[in-house]
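Following: one structure in structure tokens, then a few remarks.
The values are calculated or read from the model by the stated rules, or taken from the named source; none is laboratory data. This structure is a prediction, so every number in the text was calculated from the model and none was measured. As a convention, Cβ positions derive from the backbone with ideal geometry for all residues, glycine included, and neighbour counts pool all protein chains shown. Just so you know, the surface numbers come from the protein's heavy atoms only, side chains and all, with ligands and any DNA or RNA stripped out. Shrake-Rupley method; radii C 1.70, N 1.55, O 1.52, S 1.80 Å.
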Amino acid sequence: MPGTELFGKEEKKEINDVLETGILFRYNHDAQRNNIWKAREFENEVKKLLGAKYAHAVSSGSTAVACALAAAGIGAGDEVIVPPFTFIASIEAVLFAGALPVFAEIDETLCLSAKGIKAAITPKTKAVLLVQMCGGMAQMDEILKLCKEHNITLVEDAGQAFGASYKGTSVGLMGKTGCYSFDFFKIATCGEGGVMVTNDEQVYKNADCYSDHGHSHVGNNRGMEPHPILGFNFRMGELSAAIGLAQTRKVSFILQKNREYKKILTDVLSKVPGISFSTLPDPAGDSATFLNMFLPDTQAAKRTVDEFNRAGVGGFNYWYSNMYHFINQWDHIKELKVAAKLPIHLLGTPQDYKNLQLPKSQEVIGRLISFGIRCTWTEEEVKSLANQIKTCVEKASAVPA
Ligand SMILES: *Cc1c(COP(=O)(O)O)cnc(C)c1O
């Protein structure tokens, strides 16, 4: 999965270009920088890979979500429909935007379902923050139709689905804004970084200003630039961008390897009774960063996890008990524990977070185990892993319930 596996001379070359000039800042200093513009080049590489009209690099995937929400006009008091299964940054971004998260059900795609979204819509619903989880994608046709019918803004957190697509369109570009993470664990990394994308020029301009204290980035005198809107500092530096640039150039190769290795795994495991896989509405668009495997139920999944641990099989996630990816462990959100008061404390929660019932999501995540696919595996290693998984699942299902 992660681009860090392939960190090498290409990244060092790009970093060195920046070190030669010492211009670590992405804007201005035209005379000293010897025409080295890594953040711009990184954004262009992302645009080319995804087919996006606009891409804007920022300091992290989390700030990219914040940027995507703000640029799409989502703010104080707006209800935003969110999934209970995501990296927690998605929910934090909504809260810190001053908006109100409304949790809805996911389905076997591991993403929000149209049915789940529909049941969560209220007159105050402004947006859906659709998280494209675990390298795959949601049922986009139904969700796009629903958003259109109800005049709801679609924002995509494709934090872990960079390179995935749905019927030829990159995920992240299905709605008004989208974003990706380039943290250390993602398919391409900057060390820390993120990118926000859109096909709308005005929305892009908002993101550009918002992420740099409102700077318009017009002209050569930074101190005298107009500031059309208020913003903050979510800027990406040139060193991070240099790494992201080299990494993005490797994504096509990583996708190809991921898909190859995932196919070897699924070919073996699809024949094992009790194993099924997450739904991929467009299998060809899967970024294949994860093999997402379902066991028949939560108990069977837990027994399987125990078997993996006993056999020393690593490299998997059991999200159901993960502190950062599933709502069951998010007590700080349920109790709105914060360092300082947020709009939600004044406006009131749109749902009783402590007593939320999301049976479908519980059932789906309870039986899900995900293996991270590594693009540097050898074919032998993949085949051996497939057999280890098979053996453990068979052992776990032999135990009487
Ligand atoms: C990783 C991730 C983020 C946050 O990205 P950072 O770069 O770690 O801030 C946001 N959303 C999703 C879905 C992620 O997987």
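Results, tabulated for the structure shown:
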| read-out | value |
| --- | --- |
| Residue within the stretch 49-59 that is under 27 Å from Leu255 (Cα atoms), assigned by TED's automatic domain parsing to the domain that holds Leu129, over 14 Å from the mean Cα position of the chain (by Cα) and in a helix (DSSP H, G or I) present | yes |
| Residue that is in a loop (DSSP other than H, G, I, E, B) and either in contact with a strand residue (DSSP E or B) (Cβ under 8 Å, 6 or more places away or on another chain) or acidic (Asp, Glu) (or both), where the choices are Pro296, Pro281, Pro273 | Pro281 |
| Failed item in (1) part of a helix (DSSP H, G or I); (2) away from the ligand (no atom under 16 Å from the Cβ), with Ser62 passing the rest | (2) |
| Out of Gly98, Gly75, sole residue that is modelled with pLDDT of 95 or more, within 22 Å of Lys334 (Cβ to Cβ) and either away from the ligand (no atom under 15 Å from the Cβ) or assigned to a strand (DSSP E or B) (or both) | Gly98 |
| Filtered residues of the stretch 94-106 (kept if open to solvent by less than 30 Å² (accessible area, probe 1.4 Å) and farther than 26 Å from Ser211 by Cα) | Phe103, Ala104, Ile106 |
| Condition met for Leu110 (over 19 Å from Asp352 (Cα atoms) and either part of a strand (DSSP E or B) or away from the ligand (no atom under 16 Å from the Cβ) (or both)) | no |
| Lone unmet requirement of (1) assigned to a loop (DSSP other than H, G, I, E, B); (2) open to solvent by 60 Å² or more (accessible area, probe 1.4 Å) for Lys205 | (1) |
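Listed here are the residues, each with its yes/no results for (1) surrounded by fewer than 24 Cβ atoms within 10 Å (Cβ to Cβ); (2) among the acidic types (Asp, Glu); (3) touching a helix residue (DSSP H, G or I) at 6+ places or on another chain (Cβ under 8 Å).
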{"residue": "Ala158", "(1), (2), (3)": "no, no, no"}
{"residue": "Ala161", "(1), (2), (3)": "no, no, yes"}
{"residue": "Ser165", "(1), (2), (3)": "yes, no, yes"}
{"residue": "Asp183", "(1), (2), (3)": "yes, yes, yes"}
